Amino acid sequence: MNRLFSGPFSTHSQRVSAWERAERIPGCDKAVWRCDAEGRVIRWDDYGDRFSQYGWLLNADPKAHWLAKALGVTPPMPLHWRGERDAA
């Protein structure tokens, strides 16, 4: 039910879920630095910050089945905000 209303707990759990799907960067702190699917570097604290060099957003998995996309049950994937802008 919380997911339907985009409560604060669902947003945080989606961020954590997406962060775990991001690729780790060898030699960097995995809790702070990751790469999105396009290879762009993202930083945990810069979620939603479009003015940051490392800002990122949640995006649906482009490889997910079309029915899952339609129902909104695709797992969130992290995407650098520039990638989000290019996709639009």
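Figures for the structure shown
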{"item": "Under-5 Å amide H pairs with residue 59, H placed in peptide plane, nonlocal only", "result": "77, 79"}
{"item": "Segment residue 21-residue 35, extension gain: residue separation times 0.36 nm, minus the distance between their alpha carbons", "result": "4.1 nm"}
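Every number in this text was worked out from the coordinates using simple rules, so none of it is lab data. The structure presented is a predicted model; accordingly, all values stated were derived computationally and were not measured.
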